[in-house]
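The structure appears right after this line, and notes come after that.
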Amino acid sequence: MAVTVTEKAASEIKRVLTEQTTAETTVLRIGVRAGGCSGFQYNLALDDKIDNANDDISEHHGVTVAVDKKSMLYLDGTTIDYYDGLEKRGFSFDNPNVVKSCGCGSSFQA
């Protein structure tokens, strides 16, 4: 398994990449970092560096995604989607490894 990016999330990422006029080599870096009320927080960033030895690289609907091996331990099987509704807007993470998450959904325990 790996991380999956839905078509809707990929469209939003492509929009951001175009808006920010990034280099063609720019990838979406997905990771986790310590923090939040539950222990870990998701991290999305644009990056122009790939470490082939330490990154899991995949492509989803025209977007190249890099996940470092340490983060992959917590993210394996995760689906990233984009929601744009009246009550909220942003990326969502459906992570099967989550044991507990906070009320706002921005941090988790695995």
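Things worth noting here:
- For the chain, the Kirkwood radius over C-alpha pairs fed into Stokes-Einstein at 4 °C and 1.567 mPa s yields D = 90 µm² per second.
- Low-density loop cleavage sites - chymotrypsin sites (Phe, Trp or Tyr not before Pro) in region 1-76, where at most 11 other Cβ are within 10 Å (DSSP): none
Quick note: the coordinates plus some simple rules give every number you see, no bench work behind them. The model shown is predicted, which means the values in this text are computed figures rather than measured ones. When we count neighbours, we look across all protein chains shown, and the Cβ atoms used for this are built from the backbone with ideal geometry, even at glycine.
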